[in-house]
Amino acid sequence: MACQPSRTSDRLIVASAGRISSLDPARANTFGALQLLSAIGDTLYRRSANGELQPSLASALPEISEDGRTVTIPLRDDVVFHDGTRFDAEAMAFSLRRFLRIGRLNYIVGGRITAVETPKPFLLRLRLSRPSTSLVNLLTATNLTPVSPTAYSDYENRALNDRFVGTGPYRLTNFRAVQQRLEPFEEYWGEPPRNAGLDLIYLSNSTALFGAMRSGEVDVLLSDAIDEDQRLALNRMAENDQLREAQGPALVIGYVTLLSNTPPFQDPRVRRAMALSLNRELISRRVSHGLRPPLRSLVPPALPGADGVSWPSFNIAKARTLLLDAGYCNGRVLTVPFTYRSNVPADRLMALTWQTQLQRDLPDCLALNLNGMESTTVYRQLGDGTFPAVMLDWRGPYPDPEAYLAPLLSCKVSKGFICERGEAAISGSFWTAPGLDEALKRSDRSRGRKRLDDLEAIEAVAAEGAAYIPVWLVTARAWSQTTLATPEFDGNGQVRLAQLKEVR
Amino acid sequence: MSRGRELLRYVSTRLALAPVMLWLISSLVFLLLRVAPGDPVDAVLGSRAPEAVKAELRAQLGLDQSLGKQYFDFLWGLVHGDLGMALIDEKPVTEIISRALPASLELSVTALVVAAVVGLSVGFTAIARSEGRLDLAGRFYGIGTYALPPFWVAMLAQLLFAVMLGWLPVGGRFPPGMLPPEGSGFLIADSLFSGNWQALQGSLRHLVLPACTLGLLLSGVFTNALRLNLNRTLRSDYVEAARSRGLNETQVVLRHALPNALLPVLTIAGITVASLIGGALLIEVTFSWPGIALRLQESINQRDYPVVQGIVVVVASLVVLVSVAVDLLVALLDPRVRY
């Protein structure tokens with residue numbers, strides 16, 4: 001380490017995986033881009049690390065009308081964009097309308113917002129097509145970060161990929177796909193950054209990221225792309241006070257999808273047997289040394305409405321009974337083609353571990369035939385019903401149970417327990433249950449305790465159907481050198497870059 | 001026909017055939033990409049985007065057109081020097097390539113120099129003690145470096161020199177805390193011309209590990225080529241004749257044998273540099289070197305058709321140009337060559 005050249009500036013170097021191809025909130029959809037946007041922009045609301053909803057560019061929590069179809073948001077009056085333009089209701093409306101018009105992820109709004117109004121200079125009003133409790137959490141989504149109407153006047157209907165003019169604590173002073181420079185914004189309305197600026201760099205693989213952190217080349221490592229062994233090594237270094245490690249909310253779920261409209265998984269007993277045969281604790285231990293906690297619900301436990309235990313735990317005797325009922329075992333082994341994403345090392349290890357566990361626990365009943373396939377190909381063929389069983393993961397675009405349940409369970413056209421068109425079909429399970437879609441819509445209308453009960457009921461139905469088998473949670477982690485304070489996460493799983501500070 | 005005219009005819013034929021070859025290659029890439037499973041729209045929108053949104057983007061990108069129409073548009077653009085717009089970055093493909101190509105060329109040329117210097121030195125030393133221990137070591141070196149998996153060697157080099165010893169950076173092309181000098185994209189040249197010595201030092205430090213790793217892995221080819229050719233040349237009649245005229249062994253080797261033995265090596269060097277431009281994939285990925293090969297890998301994963309097509313066409317063009325140039329050089333240097 002002594003051979004590394006000395007630093008030429010006080011700026012901190014933050015490394016992550018993933019080249020940034022667009023910085024436009026209407027286009028950005030990668031971990032790195034959203035993390036960067038969270039430092040150079042603000043949202044109306046943000047979630048604190050303990051899940052509390054806090055106003056950011058809004059000056060107070062939203063007022064929701066009696067019928068739930070109008071949301072009124074008071075805005076701060078002391079905010080300016082990086083180009084000096086004043087932030088007001090018109091600026092926010094400009095950004096929201098722009099996102100709804102050209103946002104590549106505008107489907108996450110799901111047609112809920114029908115009109116954006118500006119009754120007063122610092123008052124924003126959203127008209128909704130239906131009452132939506134999850135909308136407030138949607139307003140914390142980084143994709144809804146406002147942009148300066150002045151700077152984006154020529155980009156109202158098209159993306160501006162390599163520049164960004166927002167309201168965040170940093171302004172972007174240099175952008176390349178592999179490196180970005182952020183300088184503190186002197187007129188920032190909130191608490192100023194605790195560091196002299198940041199250089200964000202991109203390294204293309206886990207070993208390079210790990211090596212850069214170990215050799216001290218970078219100050220902070222943010223990544224969801226660190227291989228398990230290296231994640232464990234970093235974890236151990238943190239335990240030995242060689243690094244500092246921070247954990248964010250676990251918002252990524254790993255799960256298995258079972259194709260439920262054709263044999264053998266058309267039979268719910270076989271699906272349940274699969275769910276019961278999965279030893280999550282063993283898999284978590286073997287694959288991630290326990291760093292990916294076992295998961296028994298579709299909604300991450302960090303979010304309200306997740307009971308965390310809807311799916312049954314490992315029970316090999318019950319699995320055998322169900323398989324016997326379905327006509328397997330005693331010489332008739334059910335061999336399941338199990339697909340995993342070959343470019344995701346943890347998935348491959350999970351598949352291998354489960355295969356071996358089944359060889360040990362149910363050798364006469366159930367076997368997995370593994371098939372590795374590159375992610376892009378898997379996602380392309382998922383909705384075609386190509387994979388009888390496939391390991392996937394999902395991170396909701398905003399921290400709300402709706403963002404996890406609807407993408408897996410909602411269904412537009414169904415026949416009995418088979419979803420013919422809708423999210424459940426796109427997700428590759430083709431499974432639904434009578435009344436499930438209506439229950440999903442109802443849960444988004446209800447509030448408070450009633451909503452939590454509705455969500456629990458939905459998870460219970462999904463667990464009974466067993467078309468999805470939750471496997472594990474992926475916890476967001478970040479590491480810093482010991483000369484820095486431990487990084488802090490917000491409730492959306494993003495590191496608060498402005499809070500990074502030296503402690504020498 | 002005079003030799004000069006023969007050569008001119010040969011080069012003209014090669015150059016005339018180049019567009020045909022490029023057309024075949026680009027057509028093949030166009031077709032293979034469309035046949036391959038995976039959808040660029042999924043890469044842009046995510047797999048869960050509603051079908052209507054996907055259809056809209058597909059239409060916007062022209063992917064809803066018939067394959068024939070897409071192919072015709074692609075060829076039409078190609079003929080007019082337009083490689084299209086990248087689906088993911090929404091930038092002209094030519095701009096993306098012009099930013100990534102200097103990085104690859106800088107790496108390739110440096111690696112080639114390392115490969116040539118090390119490979120030829122080892123090969124020459126080995127043949128100097130023919131059938132001795134040095135020769136055996138040279139043979140092992142030639143085969144060993146060729147057989148070692150590049151990603152494994154690259155990772156070992158990374159772990160040893162960057163992580164454990166901390167002598168060199170783990171990856172990237174420029175120190176993260178500095179901004180690269182503006183200019184041609186060749187950072188070493190840009191740093192030199194702008195007199196920015198700190199940038200030059202930073203660029204060189206980042207170049208050493210990937211270039212040496214790649215160069216050493218390629219050097220075995222040079223070692224073997226020189227060993228075999230020099231061995232054969234040293235046994236040829238004209239070398240024996242030189243010896244019989246009383247020339248000492250150094251003169252025989254350096255003046256008579258080596259120039260002839262180096263001619264096939266020149267051809268190999270040409271092929272190597274051409275393949276390096278697009279083929280240093282594993283090195284670029286391992287060392288996060290932002291070159292054309294890393295870009296190609298990312299674009300294949302994202303099914304960014306125009307970028308993949310553009311990179312393949314540009315790399316193929318460079319391969320054709322380099323191979324013609326090498327043929328020309330060999331013909332100029334070797335009067336025995338006939339076309």
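The values are calculated or read from the model by the stated rules, or taken from the named source; none is laboratory data. These numbers were taken from a predicted model, which means no experiment stands behind them. Cβ sites come from the backbone with ideal geometry, for glycine too, and all protein chains shown count toward neighbours. Side chains included, ligands, DNA and RNA excluded: accessible areas come from the protein's heavy atoms. Shrake-Rupley method; radii C 1.70, N 1.55, O 1.52, S 1.80 Å.
Some notes on this structure:
- Residue match in segment B:164-184 (condition: touching a residue at least 24 places away in the same chain (Cβ under 8 Å), open to solvent by 70 Å² or more (accessible area, probe 1.4 Å) and within 27 Å of the chain's Cα centre (by Cα)): no
- Restricted to segment A:180-200, and to residues there that are open to solvent by 20 Å² or more (accessible area, probe 1.4 Å) and not in a loop (DSSP other than H, G, I, E, B), the residue that is farthest from B:L179 (Cα to Cα) is A:P184.
- Search result, residues across segment B:81-128 that are among the charged types (D, E, K, R) and in a loop (DSSP other than H, G, I, E, B): B:D82, B:D89, B:E90, B:K91
- The set of residues in segment B:22-56 being facing chain A (nearest Cβ under 9 Å) and either at pLDDT 80 or above or part of a loop (DSSP other than H, G, I, E, B) (or both) consists of B:A36, B:P37, B:G38, B:D39, B:G46, B:S47, B:R48, B:A49, B:P50.
- Extreme residue, modelled with the highest pLDDT, among residues of segment A:121-130 that are assigned to a loop (DSSP other than H, G, I, E, B) and touching a strand residue (DSSP E or B) at 6+ places or on another chain (Cβ under 8 Å): A:F122
- Residue selected from segment B:96-115 under the condition among the small types (G, A, S) and surrounded by 21 or more Cβ atoms within 10 Å (Cβ to Cβ), by the criterion nearest to B:Y146 (Cα to Cα): B:A115
- In segment A:345-353, the count of residues that are over 17 Å from A:A275 (Cα atoms), part of a loop (DSSP other than H, G, I, E, B) and modelled with pLDDT under 95 is zero.
- Positions within segment A:88-103 being open to solvent by less than 20 Å² (accessible area, probe 1.4 Å) and either out of contact with any strand residue (DSSP E or B) (no Cβ under 8 Å at 6 or more places or on another chain) or at positive phi (or both), in sequence order: A:A91, A:S95, A:R98, A:F99, A:G103
- When B:V53, B:V44 are checked against the criterion of being within 19 Å of A:R158 (Cβ to Cβ) and open to solvent by 30 Å² or more (accessible area, probe 1.4 Å), a single residue qualifies: B:V53.
- Tabulated pairs, segment B:26-42, first farther than 22 Å from B:L57 by Cα and in contact (Cβ under 8 Å) with a residue 60 or more places away in the chain, second assigned to a helix (DSSP H, G or I) and not basic (K, R), C-beta under 7 angstrom, 6+ apart or interchain: B:S26/B:L78; B:S26/B:Q309; B:S26/B:V312; B:S26/B:V313; B:V29/B:V308; B:V29/B:Q309; B:V29/B:V312
- For segment B:152-211, a residue qualifies if it is among the small types (G, A, S), within 11 Å of chain A (Cβ to nearest Cβ) and within 19 Å of B:S104 (Cα to Cα), and the qualifying residues are B:A154, B:G171, B:G172, B:A199, B:G202.
- Selection from segment B:185-204 of residues that are over 25 Å from the mean Cα position of the chain (by Cα) and either in a loop (DSSP other than H, G, I, E, B) or under 26 Å from A:Q230 (Cβ atoms) (or both): B:G195, B:N196
- Strands (runs of 3 or more DSSP E) contained entirely in segment A:1-120, each with at least 2 residues that are within 24 Å of the chain's Cα centre (by Cα) and more than 14 Å from chain B (Cβ to nearest Cβ): A:45-47, A:53-55
- When we screen B:L78, B:L24, B:L8 for residues that are surrounded by 13 or more Cβ atoms within 10 Å (Cβ to Cβ) and under 25 Å from the mean Cα position of the chain (by Cα), the only hit is B:L78.
- Where A:T339 falls short, out of the listed (1) touching a residue at least 24 places away in the same chain (Cβ under 8 Å); (2) of a type in the set (V, I, T); (3) open to solvent by 20 Å² or more (accessible area, probe 1.4 Å): (3)
- Any helices (runs of 4 or more DSSP H) falling wholly within segment B:230-339 and containing at least 2 residues that are open to solvent by 30 Å² or more (accessible area, probe 1.4 Å), farther than 27 Å from B:G4 by Cα and more than 14 Å from every other protein chain (Cβ to nearest Cβ): B:237-244, B:258-279, B:305-333
- For segment A:202-211, the condition holds for at least one residue, the condition being that it is buried (at least 18 other Cβ atoms within 10 Å of the Cβ) and touching a Lys or Arg at 6+ places or on another chain (Cβ under 6 Å).
- Number of positions in segment A:279-322 that are of a type in the set (D, E, K, R), assigned to a loop (DSSP other than H, G, I, E, B) and surrounded by 17 or more Cβ atoms within 10 Å (Cβ to Cβ): 1
- Per the listing A:L232, A:L276, the residue uniquely surrounded by 17 or more Cβ atoms within 10 Å (Cβ to Cβ), more than 14 Å from chain B (Cβ to nearest Cβ) and part of a helix (DSSP H, G or I) is A:L276.
- The number of residues in segment A:211-227 that are in a helix (DSSP H, G or I) and more than 8 Å from every other protein chain (Cβ to nearest Cβ) comes to 1.
- Annotation: of all residues in segment A:323-333 being on the phi > 0 side of the Ramachandran plot and assigned to a loop (DSSP other than H, G, I, E, B), the one that is nearest to the chain's Cα centre (by Cα) is A:G327.
- Yes/no for B:L207 being under 19 Å from B:L281 (Cβ atoms), among the hydrophobic types (A, V, I, L, M, F, W, C), within 21 Å of the chain's Cα centre (by Cα) and at pLDDT 85 or above: yes
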